[in-house]
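S.K.: Supplied in structure tokens, the structure appears directly below.
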Amino acid sequence: MKRTIALCAMGVSIVSTAHAFASSDQQAFSAASDAYFDQVYFPYGPTGGTLSGYHQYDTQLESFDKSKIEAEIAALHAMEKRIDAIPAVQLDQATRGDRELVLNNIRSQILELEVVRPWEKNPDTYSDAVSNGAFSLMERKFAPPDDRLRSLIAREKQMPALFQQARVNLQNPPKVYTEIALEQLPGIIDFFKKDVPAAFTEAKDPALNAEFAKTNTAVIAALTDYESWLKSDLLPRSHGDFRIGADTFRKKLEYDEMVDTPLDKLLEIGYADMHKNQAEFNRIAKELEPEKDYRTVLEELGKDHPAPDQLLQSFRDTFNSLIGFIRNHHIVTIPSDVRPILEETPPFMRATTFASMDTPGPFEQHATEAYFNVTLPDPAMTPDQVEDYMHAFNVGTVISTAVHEAYPGHYVQFLWVPKAPSRVRKLLGAASNAEGWAHYCEQMMLDEGYGQPGAGAKDARESKLLRLGQLQDALLRDARFIVGIKMHTQNMSFDDAVAFFEKEGYQSHETALVETKRGTSDPTYLYYTLGKLEIMKLRADLQKKQGAAFSLQSFHDAFLAQGFPPIKIVREAMLGDQSPTL
């Protein structure tokens with residue numbers, strides 16, 4: 001009897017000790033992850049702090065001084081060592097996922113600074129930092145105009161130094177990088193001349209306005225000088241290679257998306273999805289126009305687009321039917337009735353994006369507007385170029401893009417962020433989750449019946465056009481998947497990539513150019529199709545496990561409640577195992 005009691009007491013002691021270790025490790029990780037954000041992540045990326053809602057960073061600006069870059073690298077290595085020393089085994093499932101997220105984010109930052117080295121290779125790094133630094137203080141009225149203008153002045157005083165750092169740091173960049181920077185600079189200069197002053201017309205303090213006039217003039221002069229230097233000095237000696245190579249590509253996928261599938265296997269997956277989508281596009285095109293080649297149907301589909309000056313309203317007009325369908329068919333819970341605001345894409349983002357969603361940071365308390373950005377044709381385009389450009393906004397892709405960016409894509413996922421289980425999940429995530437979710441929604445909504453006559457389409461013909469638009473967008477993402485891998489790890493040239501987007505991705509020449517430019521500096525933009533396929537597999541596996549109890553809305557709600565980490569982490573949370581994501 002006494003022995004039994006002693007054994008029970010020993011058992012309690014063992015459990016208590018294990019619990020103490022677990023509690024200690026949980027606390028150690030919480031402290032370490034907070035230290036990462038507060039001592040490294042935001043201090044070296046203060047614009048990200050502003051965008052996240054941490055306004056103590058509003059007067060600070062990124063620096064690309066070599067000593068600062070070296071200090072950041074050292075801080076990242078020290079933080080990696082600290083967090084890696086916390087054993088995962090004692091952490092609960094959610095915190096284990098957070099630990100992986102933070103470690104991979106640190107390793108990704110180290111890879112970017114030490115190996116990819118955009119500060120040494122990409123001139124747009126500097127003009128983009130300046131633009132974002134200003135725009136993050138303009139877009140949302142999180143503080144009175146005078147306060148935000150005071151912060152902008154503090155940042156503008158630091159901006160000319162960035163272009164001096166660029167002159168020191170930039171070493172033989174790829175020609176396409178310098179060309180993209182030059183393509184965007186006129187819009188950025190115009191942005192500081194017109195948009196930035198216009199955003200602060202309500203500022204009252206005369207002394208503040210006078211100081212702003214000086215700092216803004218200095219920034220415009222610095223940008224103009226930078227543009228001249230790029231043209232006359234850097235462009236002629238821009239002979240570098242934009243390719244990051246197979247080893248770095250694999251590491252980026254592992255750190256950013258937690259995917260370690262071999263590249264040749266990924267290519268097989270990408271080609272298989274592309275061929276499936278091509279076959280379906282061709283089948284529906286043949287149903288619509290039996291006597292015409294699918295290329296002709298594609299060209300006719302492209303011509304069915306709104307006028308450029310009606311494009312923003314065309315997107316706005318989709319919201320009622322999308323929201324109504326989501327609610328009536330129990331697709332996903334929409335946590336708010338507030339809608340995003342449609343606006344033209346900011347100038348510094350126009351060279352490489354057609355549409356985007358700009359949502360407030362997870363810790364923004366005062367200005368919670370979300371903006372749906374759409375890139376209108378450049379006024380410098382010829383009428384033929386405008387027409388070619390507008391093919392990307394045909395009747396089908398307008399719906400597909402609205403689904404992707406807003407309902408139930410990025411915007412709805414953003415509305416779920418407050419439910420994320422931790423600070424880590426609110427701040428860190430994976431493109432394969434965020435972009436995968438938005439891309440998955442494009443197909444899922446049509447599969448569930450949206451776009452049928454009376455539900456987003458006026459008749460059967462329009463219903464087919466919507467499906468063709470969705471498939472054309474899917475083929476665009478398939479082409480990104482393949483081009484990203486082949487441009488950066490094989491021998492695909494820039495021109496070959498443009499041709500691939502046109503021929504295999506079913507895109508216009510203007511779209512193909514924009515997409516290829518983007519791929520030179522966004523090598524792993526396969527994350528759209530990658531994430532979509534991972535989500536579809538997760539859904540199928542959960543449906544198999546739950547059987548008749550499976551609910552689409554419950555699946556979507558549970559998925560979004562996880563934040564936006566790599567799908568590997570979501571799978572473990574929802575399925576309780578570490579089964580393959582693909």
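The values are calculated or read from the model by the stated rules, or taken from the named source; none is laboratory data. It should be emphasised that the depicted structure is a prediction, and the values quoted were computed from it without experimental measurement. Glycine gets a Cβ as well: all are built from the backbone with ideal geometry, and neighbour counts include every protein chain shown.
S.K.: Are any residues in the range 304-332 within 16 Å of M445 (Cβ to Cβ), outside any helix (DSSP H, G or I) and touching a Leu at 6+ places or on another chain (Cβ under 8 Å), and if so, which ones?
M.R.: Here is the first cut: in the range 304-332, the residues within 16 Å of M445 (Cβ to Cβ) are 315, 318-332.
Then keep just the ones that are outside any helix (DSSP H, G or I); that gives 318, 329-332.
Answer for the range 304-332, where residues must be within 16 Å of M445 (Cβ to Cβ), outside any helix (DSSP H, G or I) and touching a Leu at 6+ places or on another chain (Cβ under 8 Å): H330, I331, V332.
S.K.: So which helices (runs of 4 or more DSSP H) stay within the range 414-505 end to end and still have 3 or more residues that are out of contact with any Asp or Glu (no Cβ under 7 Å at 6 or more places or on another chain), assigned by TED's automatic domain parsing to the domain that holds F555 and at pLDDT below 95?
M.R.: On the way: elements: 423-427, 431-447, 460-489, 494-503.
By residue number, 460-489.
S.K.: For the range 258-275, enumerate the residues that are loosely packed, with under 14 Cβ neighbours inside 10 Å and either within 22 Å of the chain's Cα centre (by Cα) or not small (G, A, S) (or both).
M.R.: Step one: of the range 258-275, the residues loosely packed, with under 14 Cβ neighbours inside 10 Å are 260, 262, 264-265, 268, 272, 275.
Result: D260, P262, D264, K265, E268, H275.
S.K.: Taking the range 544-579 only, how many residues are within 25 Å of T261 (Cα to Cα) and in contact (Cβ under 8 Å) with a residue 12 or more places away in the chain? I'd like the intermediate steps shown before the answer.
M.R.: Step one: filter the range 544-579 for residues within 25 Å of T261 (Cα to Cα), giving 544-545, 559-560, 562-579.
Of the ones still in play, those that are also in contact (Cβ under 8 Å) with a residue 12 or more places away in the chain are 545, 559-560, 562-575, 579.
Looking only at that region, the number is 18.
S.K.: Just a yes or no: is a residue in the range 549-565 touching a Ser or Thr at 6+ places or on another chain (Cβ under 9 Å) and either modelled with pLDDT under 95 or among the β-branched types (V, I, T) (or both)?
M.R.: no
S.K.: Mind telling me which of the residues S63, S127, S108 ends up being under 24 Å from A161 (Cβ atoms) and within 22 Å of the chain's Cα centre (by Cα)? Give the steps one after another, and end with the answer.
M.R.: Working: S63 fails: within 22 Å of the chain's Cα centre (by Cα); S108 fails: under 24 Å from A161 (Cβ atoms).
Step by step, each of S63, S127, S108 is checked, and only S127 is under 24 Å from A161 (Cβ atoms) and within 22 Å of the chain's Cα centre (by Cα).
S.K.: Conditions first: (1) touching a Ser or Thr at 6+ places or on another chain (Cβ under 9 Å); (2) of a type in the set (D, E, K, R); (3) assigned by TED's automatic domain parsing to the domain that holds P523. R250 passes all but one, so which condition is the exception?
M.R.: Checking R250 against (1) touching a Ser or Thr at 6+ places or on another chain (Cβ under 9 Å); (2) of a type in the set (D, E, K, R); (3) assigned by TED's automatic domain parsing to the domain that holds P523, the one that fails is (3).
S.K.: Tell me which helices (runs of 4 or more DSSP H) are completely within the range 44-130 and hold 2 or more residues being among the small types (G, A, S) and closer than 23 Å to T248 by Cα, or say none if there are none. Reasoning before the result, please.
M.R.: Working: elements: 46-52, 66-84, 93-111, 118-121.
In the range 44-130, the matching helices (runs of 4 or more DSSP H) lie at 66-84.
S.K.: Something else: Whether any residue in the range 296-315 is surrounded by fewer than 17 Cβ atoms within 10 Å (Cβ to Cβ), in the same structural domain as V412 (by TED's automatic domain parsing) and in contact with a strand residue (DSSP E or B) (Cβ under 9 Å, 6 or more places away or on another chain) is what I want to check.
M.R.: Yes: one or more hits.
S.K.: How many residues does the range 263-306 contain that are over 14 Å from Q470 (Cα atoms) and of a type in the set (F, W, Y)?
M.R.: 2
S.K.: When residues of the range 303-337 are filtered for being more than 22 Å from A392 (Cα to Cα) and either touching a residue at least 40 places away in the same chain (Cβ under 8 Å) or hydroxyl-bearing (S, T, Y) (or both), how many remain?
M.R.: First pass over the range 303-337, keeping only residues more than 22 Å from A392 (Cα to Cα): 320, 323-337.
Adding the requirement that they be either touching a residue at least 40 places away in the same chain (Cβ under 8 Å) or hydroxyl-bearing (S, T, Y) (or both) leaves 323, 325-326, 329-336.
Residues meeting the conditions: 11.
S.K.: Shifting gears a bit: Can you tell which of A88, A74, A154 is surrounded by fewer than 23 Cβ atoms within 10 Å (Cβ to Cβ), farther than 20 Å from D256 by Cα, free of Cβ contacts under 8 Å to residues at least 40 places away in the same chain and not charged (D, E, K, R)? Break it down into steps so the answer makes sense when it comes.
M.R.: On the way: A88 fails: farther than 20 Å from D256 by Cα; A154 fails: free of Cβ contacts under 8 Å to residues at least 40 places away in the same chain.
On inspection, the qualifying residue turns out to be A74.
S.K.: If M79 passes every condition in (1) modelled with pLDDT of 95 or more; (2) loosely packed, with under 15 Cβ neighbours inside 10 Å but one, which one does it miss?
M.R.: In the conditions (1) modelled with pLDDT of 95 or more; (2) loosely packed, with under 15 Cβ neighbours inside 10 Å, M79 misses (2) alone.
S.K.: Further, regarding this structure: Take the residues in the range 162-205 that are among the aromatic types (F, W, Y) and under 23 Å from R518 (Cβ atoms), then tell me which one is nearest to the chain's Cα centre (by Cα).
M.R.: The qualifying residue nearest to the chain's Cα centre (by Cα) is Y177.
S.K.: Regarding A479, is this residue in contact (Cβ under 8 Å) with a residue 12 or more places away in the chain, buried (at least 22 other Cβ atoms within 10 Å of the Cβ) and under 25 Å from F372 (Cα atoms)? Step through it out loud before you land on a result.
M.R.: Numbers: in contact (Cβ under 8 Å) with a residue 12 or more places away in the chain: yes; buried (at least 22 other Cβ atoms within 10 Å of the Cβ): yes; under 25 Å from F372 (Cα atoms): yes.
Yes: the conditions hold for A479.
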